[in-house]
Amino acid sequence: QVQVVESGGGLVQPGGSLKLSCAASGSSSTSTAMGWYRQAPGKQRDMVATIIRSGSTNYADSVKGRFTISGDHAKKTVSLQVNSLNPDDTAVYYCWILINGRGYWGQGTQVTVSS
């Protein structure tokens, strides 16, 4: 059974930085795509950043230039460096990993940006 676990969330002041990490276990297959999504209270879950096996990345317009996704598809690990945080970035951040055509979600990690 595949399990996806995130870490690295927390409380940070505006302008601060965090690094979110995620790892999948329970499968020997290589992932083909990985990503980060976020969900703020009362809002839908939105894509933040994705990375596919070729290394190509995609970012939401609101995070371009501030967030950087990186990952190792063989190890099924993905990280998100988040810089220049602002209160609008407050949300639960979810990791998503695609393995053999099936997507797996983590339980989420809370990021709160507040002074």
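For segment 31-58, the set of residues classified as touching a residue at least 60 places away in the same chain (Cβ under 8 Å) and either open to solvent by less than 50 Å² (accessible area, probe 1.4 Å) or in a loop (DSSP other than H, G, I, E, B) (or both) consists of Ser31, Ala33, Met34, Gly35, Trp36, Arg38, listed by residue number.
Does Gly10 satisfy the condition of being under 17 Å from Ser114 (Cα atoms) and open to solvent by less than 40 Å² (accessible area, probe 1.4 Å)? Judged against the criteria, Gly10 is a match. Can you find a residue that is in a helix (DSSP H, G or I) and loosely packed, with under 13 Cβ neighbours inside 10 Å anywhere in segment 86-99? Checked segment 86-99: at least one residue is in a helix (DSSP H, G or I) and loosely packed, with under 13 Cβ neighbours inside 10 Å.
Across segment 62-115, the number of residues qualifying as of a type in the set (Asp, Glu) and within 18 Å of Leu11 (Cβ to Cβ) comes to 2.
The residue of segment 100-115 that is least open to solvent (accessible area, probe 1.4 Å), among those that are of a type outside the set (A, V, I, L, M) and part of a strand (DSSP E or B), is Thr109.
Contact map, segment 65-85: residues that are over 11 Å from Cys22 (Cβ atoms) paired with residues that are open to solvent by 50 Å² or more (accessible area, probe 1.4 Å) and of a type in the set (A, V, I, L, M), Cβ distance under 9 Å, separation 6+ or inter-chain. Pairs shown: His73/Ile52. Which residues, counting only those in segment 78-92, are closer than 18 Å to Arg45 by Cα and of a type in the set (A, V, I, L, M, F, W, C)? Hits for segment 78-92 are Leu80, Val82, Ala91, Val92.
The values are calculated or read from the model by the stated rules, or taken from the named source; none is laboratory data. Treat the numbers as computed from the prediction; the structure is a model and nothing was measured. Positions of Cβ are generated from backbone atoms using ideal geometry, with glycine treated the same way; all protein chains shown enter the neighbour counts. Protein only, heavy atoms only, side chains kept; ligands, DNA and RNA dropped before computing areas. Shrake-Rupley method; radii C 1.70, N 1.55, O 1.52, S 1.80 Å.
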